[in-house]
1. Pairs of alpha-carbon atoms within less than 8 angstrom and 6+ residues apart define the contacts here; what relative contact order does the chain have, in percent?
2. What does a probe at Thr4 reach in region 41-57, counting residues whose amide N is under 11 Å from the point 7 Å along Cα→Cβ?
3. Quick one: what are the phi-derived ³J(HN,Hα) couplings along region 24-39, Karplus 6.51/-1.76/1.60 with θ = phi - 60°, whole Hz, x for glycine and proline?
4. Restricting to DSSP loop positions (anything but H, G, I, E, B) with no more than 13 other Cβ atoms inside 10 Å of their own Cβ, which chymotrypsin sites (Phe, Trp or Tyr not before Pro) remain in region 30-138?
5. Run lengths n ≥ 4 of DSSP H only: what is the helix-derived mean residue ellipticity at 222 nm for the chain, with -39500 (n - 2.57) per run over all residues, to the nearest 500?
6. With helices defined as uninterrupted DSSP H runs, which ones in the chain have an alpha carbon span along their own long axis of at least 27 Å and mean Kyte-Doolittle hydropathy of at least -1.0?
7. What FRET efficiency do you get for Thr97 and Glu128 if R0 is 22 Å and r is their Cβ-Cβ distance, rounded to the nearest 0.05?
8. Count the net charge of all other residues whose Cβ sits under 15 Å from the Cβ of Ala203, scoring Lys and Arg as +1 and Asp and Glu as -1.
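Every read-out reported here was derived from the displayed coordinates using simple, explicitly stated rules and does not represent laboratory data. Because the structure is predicted, anything quoted here is derived from the model rather than measured. Cβ placement follows ideal geometry from the backbone for every residue including glycine, while neighbour counts extend to all protein chains displayed.
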Amino acid sequence: MSITFYYAPQSNAGRIRVSLAELDVPYEAVRLDLRAGDQKKPDFLAINPNGKVPTLVIDGTPMFESAAIQIALGERYGVQKGLWPAPGTPEQLTALTWLVWGQVSLTGALFRYMANTSEYFAKEMHNEKQAEQALAEIHGLLRILDSRLEGRPYVIGERCTLVDLDLASVLGWGLMAAKIDFSEQKNLKGWLGRIGERPSIKAAMAET
Ligand SMILES: N[C@@H](CCC(=O)N[C@@H](CS)C(=O)NCC(=O)O)C(=O)O
């Protein structure tokens, strides 16, 4: 088994770095300089035509999209580590549901909000109504996650899984970058605090 991990610090690749560390699987890391355009060079585009990180090559097969990568890592290495539910169980269906919810619904709303408010996007692209709508959507989604965490220490149940690590990466970045106040969501706050204590998350956050 061989894994090559193409990454850049402080990017979407951070969540895969966290998963690889938690799963304790060996891999070769290839750092790309996104500002210098390494991701658009022909050699890399031959692996990932999107020219983005994270990208993983598992036994010669390239993978992109972090949700797909998380599922592959979970199924291959996570079950025996207790970081992913066994295939065919109700918990696996729940894990897939929340992982995709985080990357599609929550990330989509966060991105829309950022696109309409943040300095990373030209001011003339900002639209106040779109921003308002995205913010209301984000708060609704945060309430949904907070309810899911009522009476459960982690999203699937008693144990931390790759789903928690992935969702915490989305939120850690999104809530901070979009400056969203989530202090009313007590379960969410406690859960994020617990996950933030994990060495794998601390290492990814400190990466420069
Ligand atoms: N949906 C993709 C998003 C990947 C993505 O947008 N990666 C950014 C870094 S955060 C990137 O590589 N950007 C470089 C570029 O677009 O040139 C995933 O989750 O893997």
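1. For the chain, the relative contact order is 22 percent.
2. The answer is 43-48, 56-57.
3. Once θ is set to phi - 60°, the couplings for region 24-39 become 6, 9, x, 7, 9, 9, 10, 8, 10, 9, 5, 5, 7, x, 3, 6 Hz.
4. For chymotrypsin sites (Phe, Trp or Tyr not before Pro) across region 30-138 that sit outside H, G, I, E and B with at most 13 neighbouring Cβ atoms in 10 Å, the list reads Tyr120, Phe121.
5. Only helices count here, giving -14500 deg cm²/dmol.
6. Qualifying helices, which must be both long enough and hydrophobic enough, are 128-148.
7. Efficiency, from the Cβ-Cβ distance: 0.10.
8. +1
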